[in-house]
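The values are calculated or read from the model by the stated rules, or taken from the named source; none is laboratory data. Remember, predicted model here, so these are calculated numbers, not experimental data. All Cβ positions, glycine included, derive from the backbone under ideal geometry; neighbour counts span all protein chains shown. Calculation scope for accessible area: heavy atoms of the full protein, side chains included, ligands and nucleic acids excluded. Shrake-Rupley method; radii C 1.70, N 1.55, O 1.52, S 1.80 Å.
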Amino acid sequence: MSEDKFIHDTKTVLKFIQLYCDEKHKDDEKHSGVEHLNYQNKDLHVDVEYHLCQACQETFTYSYQRLQECPHEQKPSCRKCPNPCYEKPRWKHLASIMRFSGMKLGLLKIRRLFSKSK
C-alpha cells in the first residue's frame, strides 16, 4: 500500500470512529491524543489528533495497527479481502461503526444541500 493510501485510510477510519464516539459516547471521559503516523518503518511526519473515549481509542489503535500490517500492494476493502487481518468480532464492531458514521455523514451532506438551496 502506498504511503498516501495509508494516510488516507488512517484518517478516514479515525474520522468515522470520532463521529461514532461523539454521538454514542457523549458522556464518557474523553482522552485527547496525537498519533504520529508511521508506516513500514518510515517516518511520514503526519500527525492525526483525536478526542476519543477509552473504548474508541482502543478500536482506533487496533485499526491503525491492522493498516500498518496490511500485506496488500493494492489494498482491497476489508470486506472483500481474501486474507482478513481483523479478528471477526473486532471487524464486526468496526463495520457497525462505519455503517453508523457513513449514514451520519450522508445525512449531513443532504442537510447541507438543502440548506444551500434556501
For residue 46, residues with placed amide H under 5 Å, excluding near neighbours
37
Scanning the chain, every Cys lacking a C-beta partner under 4.7 angstrom -> 53, 70, 78, 81, 85
What accessible area per residue, rounded to a whole number of Å², is obtained for the chain using a probe radius of 1.4 Å?
68
Under the classification rounded if a/c is under 1.5, otherwise prolate if a/b is larger than b/c and oblate if not, where does the stretch 36-98 fall, given a ≥ b ≥ c as square roots of the Cα gyration tensor eigenvalues?
oblate
Show 114, 16 ordered by accessible area, largest first, where the area counts protein heavy atoms only and the probe is 1.4 Å.
114, 16
Of (i) 25, 18, 16; (ii) 29, 16, 11; (iii) 34, 12, 12, which one was derived for semi-axes √(5λ) of the Cα gyration tensor in Å from the structure shown?
(i)
Multiply the residue separation of residue 99 and residue 36 by 0.36 nm, subtract the distance between their alpha-carbon atoms, and state the gained length in nm to one decimal.
20.0 nm
For the stretch 78-86, Karplus-derived ³J(HN,Hα) couplings (6.51, -1.76, 1.60; θ = phi - 60°; whole Hz; x for glycine and proline) come out as 4, 5, 9, 5, x, 10, x, 9, 7
For the Cα atoms of the chain, what angle does the longest principal axis make with the long axis of helix 3-24, in degrees from 0 to 90, nearest 10?
40
List the longest stretch of the chain that has no exposed loop site; here a site is one of the GluC sites (Glu not before Pro) assigned by DSSP to anything other than H, G, I, E or B, with at most 12 other Cβ within 10 Å.
30-68
What is the angle, in °, between the Cα long axis of helix 54-68 and the longest principal axis of the Cα atoms in the chain? Nearest 10 is fine, range 0 to 90.
50
